[in-house]
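Peer 1: Have a look at this one.
The values are calculated or read from the model by the stated rules, or taken from the named source; none is laboratory data. Note that this is a predicted model, so its numbers are computed, not measured. Cβ sites come from the backbone with ideal geometry, for glycine too, and all protein chains shown count toward neighbours.
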Amino acid sequence: MRYFFYILLGLLPSLIWLSFYLKKDKNPEPNSMILKVFFFGMLIAPVAIIFELALIWLLNPTTNPLDILSKISQNNFIGALLAATLIPALVEEYLKYFVVKLKVIKKSIFDEPTDAMIYCIIAALGFASVENLMILFKISFPNFGQALGVIGFRFLGATLLHILASAIVGYWLARGLLELKKRTKFILIGLALAIIFHSCYNYLILATFDNADYKLIFFSLIVILLISVALIVSFCFRKLKKQQSICKI
C-alpha cells in the first residue's frame, strides 16, 4: 500500500502543474497527444541518467561508475561542478526538447505558437514525474508525512524548474517556427538559456546544502531565480498568444 501512495504522490506535482498549464491553452490539445508526450517525457528520464553518467565518467574514468561523483569531488572541483550542474542541465534540456521535436512538430495538431511551449512543458512534466518517483523509492521515508514534505518541496522546486526551463525552449522553438530562416539560431538560443538557468538552479541547490551558515541566503536566491524566470515565461506565453495562429512549419 505504501508503494501505491508513493506512485500517486510522485505523479501528483506533475499532474497539478499539467492541469494549470492546459487551462492556459484556449484551443485544448488532444488528450491522446498529451498522454503520448507525457509518456515519452517519462521514458527519457532513464536515458538521461545513462548519458549523464557516461559524460561524468569521461571527466574521470573509473572502474566503478558508482564512485564517479565522489572521486571527482575529491580530486577535481571543476569536474565536480560540471558533473553536478552543467552536465545534467545539458542532457536533460536537450532530451526534453528532442521529445517534442520527434513526436509533435510535424503533426497537424501543432498549429499555434503557444503549442510549442505547451508541449515542451508536457514533456518536462513527464520527465519530472519520474525524477519524483525515483526520489521517493530511493529514500526509505519513515512516514508518509516526510514523503509528502519532500514532494511538496519538489513541487515548487525541481518540478517547477523543469517546467520553466522547457518553457524557455518552447518559446524560442515557437519563434523559430515563425521565422524559418532563424529557426536553428533561435532553438540554440532557447536551449542555451534553459541550460544556463538549469545549471544555476543546480548550483544554488548544492550550495544550499553544502553551506549551512549561508543556507538562508542561497535558498532566497533560489526563490528569486524561480520567481523571476516564472514571470519571464508568463510574459513569453502572453506574447506568443498575440502571434499569428498558424506556425510556418
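Peer 1: Looking at this structure, is S228 surrounded by 13 or more Cβ atoms within 10 Å (Cβ to Cβ), on the phi < 0 side of the Ramachandran plot and of a type in the set (G, A, S)? Before you say what the answer is, go through the steps one by one.
Peer 2: On the way: surrounded by 13 or more Cβ atoms within 10 Å (Cβ to Cβ): no; on the phi < 0 side of the Ramachandran plot: yes; of a type in the set (G, A, S): yes.
Answer is no for this residue.
Peer 1: Give the residue, chosen from F141, F197, F218, F186, that is in contact with a helix residue (DSSP H, G or I) (Cβ under 8 Å, 6 or more places away or on another chain), at pLDDT 95 or above and over 24 Å from F110 (Cα atoms).
Peer 2: F197
Peer 1: State whether the residues of segment 66-80 include one that is at pLDDT 80 or above and either part of a helix (DSSP H, G or I) or in contact with a Cys (Cβ under 9 Å, 6 or more places away or on another chain) (or both).
Peer 2: No.
Peer 1: While we're looking at this one, here's another question. Which of the residues spanning segment 208-217 are surrounded by fewer than 17 Cβ atoms within 10 Å (Cβ to Cβ) and in a helix (DSSP H, G or I)?
Peer 2: Result: F209, D210, A212, D213, Y214, K215, L216, I217.
Peer 1: Moving to a separate point now. Looking at the structure I just gave you, is S108 surrounded by fewer than 24 Cβ atoms within 10 Å (Cβ to Cβ) and hydroxyl-bearing (S, T, Y)?
Peer 2: So S108 fits the description; yes.
Peer 1: Here is a further query. Given A192, A165, A128, which one is free of Cβ contacts under 8 Å to residues at least 24 places away in the same chain, within 21 Å of E52 (Cα to Cα), among the small types (G, A, S) and in a helix (DSSP H, G or I)?
Peer 2: Details: A165 fails: free of Cβ contacts under 8 Å to residues at least 24 places away in the same chain; A128 fails: free of Cβ contacts under 8 Å to residues at least 24 places away in the same chain.
Selected residue: A192, the only one of A192, A165, A128 that is free of Cβ contacts under 8 Å to residues at least 24 places away in the same chain, within 21 Å of E52 (Cα to Cα), among the small types (G, A, S) and in a helix (DSSP H, G or I).
Peer 1: Mind listing just one residue for me: the one in segment 13-35 that is within 15 Å of the chain's Cα centre (by Cα) and aliphatic (A, V, I, L, M) and, of those, surrounded by the fewest Cβ atoms within 10 Å (Cβ to Cβ)?
Peer 2: Here the residue is L15.
Peer 1: Right, another one. Keeping to segment 135-162, report how many residues are touching a residue at least 12 places away in the same chain (Cβ under 8 Å) and part of a helix (DSSP H, G or I).
Peer 2: 16
Peer 1: State whether the residues of segment 195-207 include one that is among the polar types (S, T, N, Q), more than 16 Å from the chain's Cα centre (by Cα) and farther than 29 Å from L8 by Cβ. Spell out how you get there, then give the answer.
Peer 2: To start, the set of residues in segment 195-207 that are among the polar types (S, T, N, Q) comprises 199, 202.
Then drop every residue that is not more than 16 Å from the chain's Cα centre (by Cα), which leaves none.
No, because not a single residue in segment 195-207 is among the polar types (S, T, N, Q), more than 16 Å from the chain's Cα centre (by Cα) and farther than 29 Å from L8 by Cβ.
Peer 1: I would also like to ask the following. Being free of Cβ contacts under 8 Å to residues at least 24 places away in the same chain and either surrounded by 13 or more Cβ atoms within 10 Å (Cβ to Cβ) or closer than 23 Å to A48 by Cα (or both) is the requirement here; does I122 meet it?
Peer 2: So I122 does not fit the description; no.
Peer 1: Criterion first (surrounded by fewer than 23 Cβ atoms within 10 Å (Cβ to Cβ) and under 20 Å from F219 (Cβ atoms)) does T159 satisfy it? Spell out how you get there, then give the answer.
Peer 2: Numbers: surrounded by fewer than 23 Cβ atoms within 10 Å (Cβ to Cβ): no; under 20 Å from F219 (Cβ atoms): yes.
No, not satisfied.
Peer 1: Sticking with this one: Select, from A165, A147, the only residue that is within 16 Å of the chain's Cα centre (by Cα) and on the phi < 0 side of the Ramachandran plot.
Peer 2: When all the criteria are applied, what remains is A165.
Peer 1: Going through segment 167-199 one residue at a time, which ones are of a type in the set (S, T, Y) and buried (at least 18 other Cβ atoms within 10 Å of the Cβ)?
Peer 2: Y171, S199
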